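What follows is a set of notes on a single structure, which appears directly below.
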Amino acid sequence: MNLFQQAFLLGNHYLYQQAKSRFLFRASAQQAHEMLLTLLTRADDNTALLRLAEWVNQTAYSKREVSIGGVTLDYPFIVAAGLVKGLGFADENAGMAAVRDNVNIIPGWRSLPALVGPVEFGSFTRFPRLGNPGEVLWRDVPAMSLQNRIGLKNPGALAAAAFLGMHKAELPAQFGINIAVSPGVDDPEQSAREVCESLSAFIEQGVVPTWFTLNVSCPNTEDDPQGNQTEQGTYTLCAAVITHLRAAGVDVPLWVKVSPGLSAAQYAILMRVFQQTGVRAVMATNTLPRPAPDQPQVMAGMSGLRLHQASMTALAHLKSAQIQQAASVDLVGCGGLMDGTTYRDFQTFNIDVIQYWSALVYRGPLAAPLIEREFHAGYELQPTALHRSGSASD
């Protein structure tokens, strides 16, 4: 990283911290998120803003190719699913009507990748979801964490595929698509059928991502099926998806995102299933269920530093299973990437490719190159001590 890049990063970091304290964090987390979506919507169709985003990316980011899960990425940090996933609709007719009316139903699909590089779109479910009503997003500022119970709000696979298909010439060079199992469906065969129908929607529109991710847990809904991460349930889903992709003649690897908090034996079983079915990478982990701030009787998913230790534990179990089984399933980190030290934690398990989201909120839009700089400089943020002391997971 040259001196100009360093000065550019530090200057932008300073400006973001000023904006965060004086403006962004004076709004609630949900209000700030809605403002971001409005900005992304406008930027997606604004040539000047898109060119600015591309220039910032070229100035702040250094291309660093890395091979993982059957693909070669230009950059090892991926914005996690959940940010660029779109509007919610009551039914498919409403979603498709919005597409026909040229509504941008997936804010950020164009502008965010232009700024930060690889992004995973979704999660998309077979049918649209409005998500949970009321306040659904909170900050835990001392722990540099977020908590949400958005509830898989998304336009549904058919509308999302139709929208992206209309714009496939402008899609980024590298992106993922995350498909979630339908909450409330306990029949593994039905879940597998609906996931395959979702895949078909994108394939038929010519929207072929760099990788597909199968999200087998839905921690921010009240009707998360419990059988998707059992041996038989996971096998049924993964085998159906791999078979479907091969039958469609689509050479796109499948990654799977799993929950934190499973036992070592469960992670070992999942690793064996992934190896048997042809899954190329496992992503650990999804958010950590914790009582919602306003409704302690319901769960809301925790990300950021409060997820970090649980993610590290899951990755330790998966790494052990990977070695013991000589599995050719790569590991992708996700959970609490916030600074150079947390990045080093992932690399303890030889994991270089990591997904992030909370860092965008607390560190700014150039979080990824900042983290790389801190990693090489041996710099550590003060709040990182939270996850080391154990209080972050209480």
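The values are calculated or read from the model by the stated rules, or taken from the named source; none is laboratory data. Predicted model only: the values in this text are computed from it and were never measured. Cβ placement follows ideal geometry from the backbone for every residue including glycine, while neighbour counts extend to all protein chains displayed.
A few remarks follow.
- Residues of the stretch 226-240 that are of a type in the set (Gly, Ala, Ser) and surrounded by 19 or more Cβ atoms within 10 Å (Cβ to Cβ): GLY233, ALA240.
- Identity of the residue in the stretch 153-180, among the hydrophobic types (A, V, I, L, M, F, W, C), out of contact with any strand residue (DSSP E or B) (no Cβ under 7 Å at 6 or more places or on another chain) and within 17 Å of LEU130 (Cα to Cα), that ends up surrounded by the most Cβ atoms within 10 Å (Cβ to Cβ): ALA159
- If only residues of the stretch 101-153 that are out of contact with any helix residue (DSSP H, G or I) (no Cβ under 8 Å at 6 or more places or on another chain) and basic (Lys, Arg) are counted, the one that is farthest from TYR61 (Cα to Cα) is ARG129.
- From GLY165, GLY184, GLY176, residue being free of Cβ contacts under 8 Å to residues at least 60 places away in the same chain and not in a helix (DSSP H, G or I): GLY184
Rundown of residues vs (1) exposed (fewer than 15 other Cβ atoms within 10 Å of the Cβ); (2) among the aromatic types (Phe, Trp, Tyr); (3) out of contact with any Ser or Thr (no Cβ under 9 Å at 6 or more places or on another chain), yes/no style:
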| position | (1), (2), (3) |
| --- | --- |
| TYR16 | no, yes, yes |
| LEU24 | no, no, yes |
| SER28 | yes, no, yes |
| MET35 | yes, no, yes |
| THR38 | yes, no, yes |
| ARG42 | yes, no, no |
| ARG51 | yes, no, yes |
| TRP55 | yes, yes, yes |
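- Flag if PRO365 is under 30 Å from VAL56 (Cα atoms), touching a residue at least 12 places away in the same chain (Cβ under 8 Å) and in a loop (DSSP other than H, G, I, E, B): yes
- Strands (runs of 3 or more DSSP E) lying entirely in the stretch 267-313 (those with 2 or more residues that are surrounded by fewer than 24 Cβ atoms within 10 Å (Cβ to Cβ) and either without any contact (Cβ under 8 Å) to a residue 40 or more places away in the chain or in contact with a helix residue (DSSP H, G or I) (Cβ under 8 Å, 6 or more places away or on another chain) (or both)): 288-291
- Here ILE150 fits the description: surrounded by fewer than 24 Cβ atoms within 10 Å (Cβ to Cβ) and closer than 21 Å to ALA90 by Cα.
- Failed item, numbered, when ASP352 is tested on (1) assigned to a helix (DSSP H, G or I); (2) modelled with pLDDT under 95; (3) among the acidic types (Asp, Glu): (1)
- Residues of the stretch 241-266 that turn out to be outside any helix (DSSP H, G or I) and either among the small types (Gly, Ala, Ser) or buried (at least 19 other Cβ atoms within 10 Å of the Cβ) (or both), as a count: 14
- The set of residues in the stretch 120-158 that are aliphatic (A, V, I, L, M), more than 17 Å from the chain's Cα centre (by Cα) and in a helix (DSSP H, G or I) comprises VAL141, ALA143, LEU158.
- Any hit, the stretch 259-269, residues being in contact with a strand residue (DSSP E or B) (Cβ under 9 Å, 6 or more places away or on another chain), of a type in the set (Gly, Ala, Ser) and under 20 Å from ILE179 (Cβ atoms): yes
- Among residues of the stretch 332-358 being surrounded by 24 or more Cβ atoms within 10 Å (Cβ to Cβ) and of a type in the set (A, V, I, L, M), the one that is farthest from VAL141 (Cα to Cα) is VAL332.
- Residue pairs whose Cβ atoms lie under 6 Å apart, separated by 6 or more positions or on different chains, with the first residue in the stretch 327-338 and closer than 18 Å to MET144 by Cα and modelled with pLDDT of 95 or more and the second among the polar types (S, T, N, Q) and part of a strand (DSSP E or B), are CYS334/GLN355.
- Selection from the stretch 302-340 of residues that are over 17 Å from the mean Cα position of the chain (by Cα), of a type outside the set (A, V, I, L, M) and under 28 Å from PRO291 (Cα atoms): GLN309, THR313, HIS317, ASP339
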